[in-house]
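Rule-based calculations on the coordinates, nothing more; no lab input. In this text, all values refer to a predicted model and were calculated from it rather than measured experimentally. Cβ placement follows ideal geometry from the backbone for every residue including glycine, while neighbour counts extend to all protein chains displayed.
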Amino acid sequence: MTKYPMTLLGAEQLKEELKFLKTEKRPRIVKDIADAREHGDLKENAEYHAAKEEQGFCEGRIQDIEGRLCNAQVIDVTKIPNHGKVIFGVTVTLLNIDTEETVKYQIVGNDEADIKLGQISVNSPIARGLIGKVVDSEIEISTPGGVIEYEIMAVEHI
């Protein structure tokens, strides 16, 4: 069975969502279905159909999260010694050699990626180009906008 890398924070967020779905949302949906049944004919009961549809989405999400957590390889990068090498979970500061702009990315699992938060998927072109490189390395990353040259300024285990 294939294991998928996930940061400790990503796993905790999924566990919290799972707890919310099971302890709060699922019981509320069951109550909504029961309330809608009391209104009579189920064929023309929009509240009943909406609640059943929401129940399907909720149960699907619960199964999805449980599957992801079951197949997750949780990596706590703070427990790994920092040797300046880019690995899964690290936060990398990059200098764009052409524009002299700096950017900071954390390399995370596919499910955790959010570019607005500076989190990029381990399978993204930037992350794939960074993995295995060390501080002060210059790398070229192929992007849809062309090739960008970066210098790795810092690698942090945070």
*Work out how much length Val103 to Glu38 would gain on full extension: take 0.36 nm times their residue separation and subtract the Cα-Cα distance, in nm to one decimal.*
17.7 nm
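In debye to the nearest 20, how big a dipole does the chain give about its Cα centre with +1 on each Lys and Arg Cβ and -1 on each Asp and Glu Cβ? Intermediate values should be presented prior to the final figure.
Details: 19 positive and 28 negative charges, 139 e Å.
Using only the charged Cβ atoms, the result is roughly 660 debye.
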_If N is the number of residues in the range 78-156, what value comes out of its Cα radius of gyration divided by 2.2 N^0.38 Å?_
1.01
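When the helix-only estimate is applied to the chain (DSSP H runs of n ≥ 4, each -39,500 (n - 2.57), divided by the residue count), what is the mean residue ellipticity at 222 nm, nearest 500 deg cm²/dmol?
Values: 4 runs with 56 residues, N = 158.
Rounded to the nearest 500, it is -11500 deg cm²/dmol.
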*So what is the relative contact order of the range 90-134, in percent, for Cα pairs below 8 Å that sit 6 or more residues apart?*
25 percent
_Net charge around Lys25, counting only other residues with Cβ within less than 13 Å of its Cβ (Lys, Arg = +1; Asp, Glu = -1)?_
0
_In Å and on Cα atoms, what radius of gyration and Dmax does the range 4-75 show?_
15.9, 52
*What pairs in Lys85/Lys116; Lys22/Lys104; Lys22/Lys116; Lys25/Lys116; Lys3/Lys116; Lys15/Lys52 have C-alpha atoms more than 32 Å from each other?*
Lys22/Lys104
*For the chain, what log10 I(q)/I(0) values come out of the Debye formula at q = 0.10 1/Å, with one point per alpha carbon and no solvent?*
-0.53
*Measuring from a point 7 Å past the Cα of Thr2 along Cα-to-C-beta, which residues in the range 120-140 have an amide N at less than 13 Å?*
123
*List the longest stretch of the chain that has no exposed loop site; here a site is one of the trypsin sites (Lys or Arg not before Pro) assigned by DSSP to anything other than H, G, I, E or B, with at most 12 other Cβ within 10 Å.*
44-158
